[in-house]
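The values are calculated or read from the model by the stated rules, or taken from the named source; none is laboratory data. Just so it is clear, the model here is predicted, and its values are computed rather than measured. Cβ sites come from the backbone with ideal geometry, for glycine too, and all protein chains shown count toward neighbours.
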Amino acid sequence: MGNVKNIIKSTTFLAILTCWLWSTAFAGVKIGLQYSAPFQFGGLRFIIAGLMLFIYIGKPEKIIKAFIADWKFILLLSVVQFSAQYAFFYKGMTLVPGALGAMIIGSSPIFIAVIAHFSIKTDRMEPVKMGSIIIGLIGIAIITLGRSKVEIKNELELLGIGLLFANNILSGYSNVLVSKFQTGRSPLILSSTSLFIGGLMLFAVAIPTEGINWGPFPPVYYFSLFWLAFLSATAFAIWYTLLQRPGVRVSVLNTWKFLIPVSGAALSWILIKGEEPDWISIAGMAVITFSLLMLNYANRKLNAKTNTLL
């Protein structure tokens, strides 16, 4: 029983769980954007996610006290992580082909590794780490290019590429911010307040740029919205906790995000009619799996002396 509890609490298990949750978001976003504009939909998603965590924490005075103590950092994280980053993501994905967007977003671990290298003294780019990331990127390319051609047709697509690269840079910056925010205060409060405020900011942007559409919407819209809110609340709370664990490296943790397209493809095969596995996708998944095993083995050896919970 003790071994099971240790596995569930381990960084590896929780990172895989979080990436699985994030992998389910693509279908929900695709459904929601059929009925609502991106900034409005994203804003509502994060507002509801923040409220879910507020209810779970259940101590308003504790949340208010923590916000007053760290309001500058929370506002910065809200702008970077949930307003600017997701604004770039949603807008960028509407301007580029899906295959190209998937490749750029799939490359985020290397952006995060570079930013961590220059921001955190204990998170340098070592040969094994960089080799693992490059192999993972090759796996992403195999899956993406095997399914469809990637072509750049006009200037708007170039703008979309720029926005998605900006999304990756902000993702790395926000991960470093959370990792370095070692105050001893609850990651739950940090994630709940930044989700809620970031959602409000994104919704405020939607009012003059998109207008507000209050529906009526079909049940599938509300199901996708509340599922996305739930996974955001759960995933970001776990991820912020992992980023602040002693010994956890930002670059290594984010390499687990290579699992997101793998899990997303597997879920599509299971849930979507007409979607079937193919040899190219399976080959890409095998390459990604090898890269993760390679990195995890190296990281375990590196942390063996400190008994870090992996």
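Summary of computed values
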item	result
All helices (runs of 4 or more DSSP H) inside the range 13-130 with 1 or more residues being free of Cβ contacts under 8 Å to residues at least 40 places away in the same chain and either under 15 Å from the mean Cα position of the chain (by Cα) or on the phi > 0 side of the Ramachandran plot (or both)	108-119
Residues (polar (S, T, N, Q) and surrounded by fewer than 21 Cβ atoms within 10 Å (Cβ to Cβ)) located in the range 107-142	Ser107, Ser119, Thr122
Matching option when the condition is touching a residue at least 60 places away in the same chain (Cβ under 8 Å) and not β-branched (Val, Ile, Thr), among Ala206, Ala266	Ala206
Test result for Leu228, touching a residue at least 24 places away in the same chain (Cβ under 8 Å), part of a helix (DSSP H, G or I), in contact with a Gly (Cβ under 6 Å, 6 or more places away or on another chain) and among the hydrophobic types (A, V, I, L, M, F, W, C)	yes
Residue check, Ala229 over 28 Å from Leu14 (Cα atoms), surrounded by 16 or more Cβ atoms within 10 Å (Cβ to Cβ) and more than 12 Å from the chain's Cα centre (by Cα)	no
Within the range 27-44, considering residues that are under 18 Å from Ser83 (Cβ atoms) and polar (S, T, N, Q), the one surrounded by the most Cβ atoms within 10 Å (Cβ to Cβ)	Ser36
Residue count for the range 174-220, restricted to those that are in contact with a Phe, Trp or Tyr (Cβ under 6 Å, 6 or more places away or on another chain), closer than 21 Å to Ala235 by Cβ and of a type in the set (Gly, Ala, Ser)	4
Members of the range 197-223 found to be in contact with a Ser or Thr (Cβ under 8 Å, 6 or more places away or on another chain), surrounded by 17 or more Cβ atoms within 10 Å (Cβ to Cβ) and of a type outside the set (A, V, I, L, M), listed by number	Gly198, Tyr221
Index of the failed condition, Pro219 passing every other in (1) within 20 Å of the chain's Cα centre (by Cα); (2) farther than 14 Å from Ile57 by Cα	(1)
Top-ranked residue in the range 143-163 [being surrounded by fewer than 23 Cβ atoms within 10 Å (Cβ to Cβ) and at pLDDT 80 or above; ranked as farthest from Phe82 (Cα to Cα)]	Leu158
